[in-house]
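Just below is one structure, and these are the notes that go with it.
The values are calculated or read from the model by the stated rules, or taken from the named source; none is laboratory data. A quick note: this is a predicted structure, and the numbers were derived from the prediction, not measured. Please note: Cβ atoms are built from the backbone with ideal geometry, for glycine as well, and neighbour counts cover all protein chains shown. Keep in mind that these areas ignore ligands, DNA and RNA; they rest on the heavy atoms of the full protein, side chains included. Shrake-Rupley method; radii C 1.70, N 1.55, O 1.52, S 1.80 Å.
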Amino acid sequence: MLDLLYRWDLFLLRLFNVRLADPVLDQFWLVITQLHKNLWFQAIALPVGLLALVYIYRAQAVKLILALSLGIGLSDSLAYRGIKSVVDRQRPFQNEQISWVRKVGQAQGKSFPSNHAANAFAGAVVLAWYFPVAAHWLYIFALLVALSRVGLGVHYPSDVIAGSMLGIFVGYLVRILLLNRYAWFRMKRHVSSPDGNS
């Protein structure tokens, strides 16, 4: 059974990393996977997004930021300091038995599970609670982040599946134990409210 799962792991890794390889797709994966490190995101998109959030929800924006920080922080800690230290799995490009892997992106540390996938899905689950209308876009973005790690050759598919499952679990844990339970976490619009009052 484990041998079959490993063969599927390699099949999907080869599919996304080698067979679907394309310079344009590689650049797309790099943009997706390094979004939080890009200067334009840090200097323009993130500040504008935060200002819009504060403009619409004012001081209540702190509630969303706190919930998001809890979700991502917990998933990141569980993946990086917990599971990775126990599993101790090498990354695909470090595996000498599969020399065909193309290492396009940069990655350090152990492979299982994927922190990128865990954090993206934890964030998506928490944000979807606040913005249910945008839920499908949030999950699509999280899925693209997870797939980017395989396409760039820095994670096995099983790494991103496990990371995604961990992130979803943590995100729903935050929703169940905090967001659904305590009314304090709910936000009310102050600007652009349906009745036009600020």
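Which is the longest run of the chain containing none of the chymotrypsin sites (Phe, Trp or Tyr not before Pro) found in DSSP loop states (not H, G, I, E, B) with at most 12 other C-beta atoms within 10 Å?
1-99
Within straight cross-link reach of Lys188, meaning Cα distance under 17 Å, which lysines are found once same-chain residues fewer than 8 apart are removed?
Output for Lys188: Lys63.
With a 1.4 Å probe and every protein chain kept in, tell me what percent of the accessible surface of the chain is carbon plus sulfur.
It is 67 percent, rounded to a whole number.
For Arg89, what residues show an amide H to amide H distance below 5 Å, using hydrogens built from the backbone and excluding near sequence neighbours?
For Arg89, the qualifying residues are Ser111, Phe112.
Quick one: what Rg and Dmax do you get for region 65-186 from the alpha carbons, in Å?
Rg then Dmax for region 65-186, in Å: 15.3, 53.
Cross-link candidates for Lys110: which lysines have Cα within less than 17 Å, leaving aside residues fewer than 8 places away along the same chain?
Lys84
What accessible area per residue, rounded to a whole number of Å², is obtained for region 137-187 using a probe radius of 1.4 Å?
For region 137-187, the solvent-accessible area averages 46 Å² per residue.
Is the shape of region 1-68 rounded, prolate or oblate, going by the alpha carbon gyration tensor and its root eigenvalues a ≥ b ≥ c, with a/c under 1.5 for rounded and a/b larger than b/c for prolate?
Since a/c reaches 1.5 but b/c is at least a/b, the shape of region 1-68 is classed as oblate.
Between Ala21 and Leu173, what FRET efficiency follows from the Cβ-Cβ distance if R0 is 35 Å, with the result rounded to 0.05?
After rounding to 0.05, the efficiency reads 0.40.
Ala183 to Val62: extension gain in nm, 0.36 nm per residue of separation minus the Cα-Cα distance?
Value of the extension gain: 42.2 nm.
Per-residue HN-Hα couplings for region 98-115, Karplus 6.51 cos²θ - 1.76 cosθ + 1.60 at θ = phi - 60°, whole Hz, x for Gly and Pro?
Whole-Hz 3J(HN,Hα) from phi for region 98-115: 10, 6, 7, 5, 8, 8, 9, x, 9, 7, 10, x, 7, 9, 10, x, 7, 5.
Please find, in a Gaussian network model of the chain (springs between Cα atoms separated by less than 10 Å), the residue of Leu53, Leu13, Leu138 whose mean-square fluctuation is greatest.
Leu53
Around Pro157, what is the net charge, scoring Lys/Arg as +1 and Asp/Glu as -1 over all other residues with Cβ under 14 Å from its Cβ?
That works out to +4.
Could you check which residue among Arg81, Arg89, Arg149 shows the biggest mean-square fluctuation in a GNM of the chain with a 10 Å Cα cutoff?
Of the options given, Arg81 has the highest mean-square fluctuation.
Anyone know which of Lys63, Lys37, Lys84 comes out most mobile in the 10 Å Cα GNM of the chain?
Largest GNM mean-square fluctuation: Lys37.
Which distance in nm do the two modelled labels at Ser85 and Phe28 give, with both placed 7 Å along the Cα-to-Cβ direction?
In this crude label model, Ser85 to Phe28 measures out at 3.8 nm.
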